[in-house]
Amino acid sequence: MEPQDLDVGDEVISPQNAKVDLPSRLLDAAGLGVDRLPMLHVVFDRMARQYIDTLRQMAATAPYLAVQSVSNERIGDALEQYEDRAVVAVLHAQEWDARILLGFDRTFIFSMVEVLLGGDGEEEPFLEDRSLTNVEQRLAYRMFEEAATALETAFEAIADTSLKVERLENRMEFAQTGRKSNPCVLAKMTAEIIGREGEIFIIIPQSVLNPLRENLTQVLSGEVAGRDTRWTKQFQQEVQRTEVKLTAILEEQRMTLEEVAQFEVGLVLELNATPKTAVQLECNSQPLFNCRLGQVAGSYTVRVEELIEQEGELLDDILSN
């Protein structure tokens, strides 16, 4: 009697590769509890912090975001909670060949739109049940794009991917990413802005997390888990673009206040420096380099010769005095 193939989920596992694939497939079929994926909480916390920083640049008042809960749900049950009170963006993860759902409830959208248009929350909150206007739709789309970027950055410690907004859906049945009975992870975030509370939610199908299970079960150190690579890169770029004023000093002389008081127009101060004298290049009164004086096309130039070691310069000054 020949051994039969075993059907697990949508794949057929033959007896030849059962030893290799069957245990992992059985674990996948049993489901992944969020308590066994500690890095998921780190990811969502990082996303909240990143999104706050982004919204702070877009609006005068930034919302407060906090992860409320991370739980296992069915896709259909998770979406049913937000029927008629939320807008969902379908995000495509190209590297994972999968789709993730990102949702804002209407309170958060209307409050953020009001803030982006200059509101301060003194007006009564808008509670009318209607679809978004063209302006609100475009602003919401921008908010979804920034949230997708924040989530993409938060996942960098786990796996590289790019998240793109495919479309926005107002009806939850059109936002399905699979069967309603398929398991997923539902993350809820509380959003507070101009005295109003809203909600952000993320739905990630379990099939997306299964290949990332090994990385999600690891507990990284606080330094690595909390590192924001996007902010680090932006900070480095801004520092490199910062303009600084450099001062080239050929010679310095000590004078008394009486001698300075006798200065008059046309006075010539004689310098002991020669064209071979080293020129000190400073920034904000901080010595940086010793340079050589030169001239090109009628303009004075300095060529960097050596880096000034601060400790060495300090010792030289002490010994000379």
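Counting only protein heavy atoms and a 1.4 Å probe, tell me what percentage of region 43-154's accessible area is made up of carbon and sulfur. Walk me through the numbers before you get to the answer.
Details: 2250 of 5350 Å².
Roughly 42 percent of what the probe reaches on region 43-154 is carbon or sulfur.
Probe radius 1.4 Å, ligands and nucleic acids ignored: give me the carbon and sulfur share of the accessible area of region 239-287 as a rounded percent.
Numbers: 2380 of 4580 Å².
So the carbon and sulfur contribution to the accessible surface is 52 percent.
Using the heavy atoms of the protein chains and a 1.4 angstrom probe, tell me the accessible area per residue for region 22-218 in square angstrom.
Details: 9320 Å² over 197 residues.
Per-residue value: 47 Å².
In sequence order, what are the phi-derived ³J(HN,Hα) couplings for region 299-309 according to the Karplus relation 6.51 cos²θ - 1.76 cosθ + 1.60 with θ = phi - 60°, rounded to whole Hz, with x for glycine and proline?
My calculation for region 299-309 gives 10, 6, 9, 10, 10, 5, 9, 7, 7, 7, 7 Hz in order.
Take peptides 38-46, 209-217, 262-270 and line them up by average Cβ neighbours within 10 Å, highest first, as a rough protection proxy.
Numbers: 38-46: 19.6, 209-217: 16.0, 262-270: 6.4.
Going by the mean number of other Cβ atoms within 10 Å, highest first, we get 38-46, 209-217, 262-270.
Under a Cβ-only charge scheme (Lys and Arg +1, Asp and Glu -1), can you give me the dipole magnitude of region 22-218 about the Cα centre, in debye to the nearest 20? All intermediate terms of the calculation are to be shown ahead of the outcome.
On the way: 20 positive and 32 negative charges, 134 e Å.
So the dipole magnitude of region 22-218 works out to roughly 640 debye.
What spacing in nm lies between the two simple spin-label points modelled at Ala66 and Arg213, each 7 Å away from Cα in the Cβ direction?
3.4 nm
The values are calculated or read from the model by the stated rules, or taken from the named source; none is laboratory data. Since this is a predicted model, take the numbers as computed values, not measurements. Every residue, glycine among them, receives a Cβ derived from its backbone with ideal geometry; neighbour counts consider all protein chains shown. Areas reflect the complete protein model, heavy atoms only, side chains present, ligands, DNA and RNA absent. Shrake-Rupley method; radii C 1.70, N 1.55, O 1.52, S 1.80 Å.
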